[in-house]
Amino acid sequence: MTHEPQADGAQRHLTPLSTPAISRVGAVGFPLSDEQTEALVRSALDEDAAFHDVSTLATVVSDRHVRASLVARRTGVIAGVPLACEAFRLLDKGVSARVEHVDGTMVEAGSVIIRLNGHARALLSAERVALNFMQRLSGIASLTARFVAAVKGTRAKILDTRKTTPGWRRLEKYAVLAGGGVNHRFDLRSGVLIKDNHLAAIGGDVALAVQRARGIAAAGTMIQIECDTLVQVQAAINANADSVLLDNMSLSELRQAVTMCEGRVITEASGGVTLTTVRDIAECGVDRISIGALTHSAPALDLALDFDGL
């Protein structure tokens, strides 16, 4: 950790170009190692031909230094700071980056997220890749935070799904955590979710599905049954399933399912949940609400890189 002297004589901490943990949610570390972070960001820079930026080479002298600030244009929750810092570092090993707001921080429009001082060419060439990473992940974190706020005061937790961008699952699920949400199963091995098509393959026998799943899955793995009807909910309870996924049920059906499962089976509502409907669903008493839109439909958070006198 290094320090930067200020005009008033105070010391400001410089966040290392590494992987700060989420501060707002808890001790949740950035999901990629330093090596994985570098490989991912380098690949993105290569895709953008950032190491051969003709426009910048033609217009900016090679030894010019500049100050810049990565700024929020809209209110939201920040995620992806380590990736942005890595983009600037890969193009300028000597860049100075002061992180003002770490991942998981709610910021207002106009807030400075990262202050930079380095080669003008490097900052310009890395700008788009850095913003692409942060706008996508911050958008997920921000949308998640809105859903979490909408159910505040109820027992319901907001969960993500596996509806993630291929290759980005760890990052997008991390962004959900940054927004205050909870991760559902990470992949097809880490949890059992028996859906309607699975049940159709064994004649709809819920008890048999649970029995077979327990015989294959690792000890302690949660067994969840997707239920479209209250009859299926009762079958899941009778089969000693751990959780029921209440798929596209009405509010009345959700309340009945919660009463049936209380103290015996975890209840999770899912299917077409929106910011308009999530509060009513939560007030039915469900334990969890899973929302695919957190990762597949989150709008990017508006961020920008402002240069000082470029």
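The numbers here are math on the coordinates, done by the rules we state, and not lab data. It should be emphasised that the depicted structure is a prediction, and the values quoted were computed from it without experimental measurement. Backbone-built Cβ (ideal geometry, glycine too); neighbour counts: all protein chains shown.
With a 10 Å Cβ neighbour count serving as the proxy for reagent exposure, in which order, fewest first, do 253, 262 appear?
So the ranking, lowest neighbour count to highest, is 262, 253.
Here segment 149-296 is treated with +1 on each Lys and Arg Cβ and -1 on each Asp and Glu Cβ, and its dipole about the Cα centre works out to around 540 debye.
Hydrodynamic estimate: the Kirkwood radius of the chain over Cα pairs, inserted into Stokes-Einstein at 20 °C and 1.002 mPa s, corresponds to D of 100 µm²/s. According to the Cα-based calculation, Rg over Rh for segment 131-259 is 1.02, with Rh computed by the Kirkwood formula.
The residues packed around residue 56, meaning those with a beta-carbon under 11 Å from its beta-carbon, carry a net charge of 0 if Lys and Arg are +1 and Asp and Glu are -1. Note on 198, 184: ascending count of other Cβ atoms within 10 Å places them as 198, 184, the fewest first. Amide H to amide H, which residues 5 or more places from residue 266 or on other chains are under 5 Å from it, using H placed in the peptide plane? Here the answer is 243, 244, since their amide H atoms fall under 5 Å of that of residue 266. In the chain, a dipole from Cβ-located charges (positive for Lys and Arg, negative for Asp and Glu) runs towards its positive end, and of 186, 217, 36 it is 217 whose Cα lies farthest in that direction. Projecting the Cα positions of 164, 149, 207 onto the charge dipole of segment 115-222 (unit charges on Cβ atoms of Lys, Arg, Asp and Glu, taken about the Cα centre) puts 149 furthest along the positive direction.
The P(r) of segment 62-150 has a tail past 23 Å containing 22 percent of all C-alpha pairs. Ranked for footprinting exposure by Cβ neighbours inside 10 Å, fewest first, 278, 176 give 278, 176. Of the GluC sites (Glu not before Pro) found in segment 43-112, the ones in coil according to DSSP and having at most 14 other Cβ atoms within 10 Å of their Cβ are 108.
Whole-Hz Karplus values for segment 39-45 come out as 5, 5, 5, 4, 4, 5, 5 Hz, taken residue by residue from phi with 6.51 cos²θ - 1.76 cosθ + 1.60 and θ = phi - 60°; glycine and proline positions read x.
Count the net charge of all other residues whose Cβ sits under 12 Å from the Cβ of residue 245, scoring Lys and Arg as +1 and Asp and Glu as -1. With Lys, Arg at +1 and Asp, Glu at -1, the neighbours total -4.
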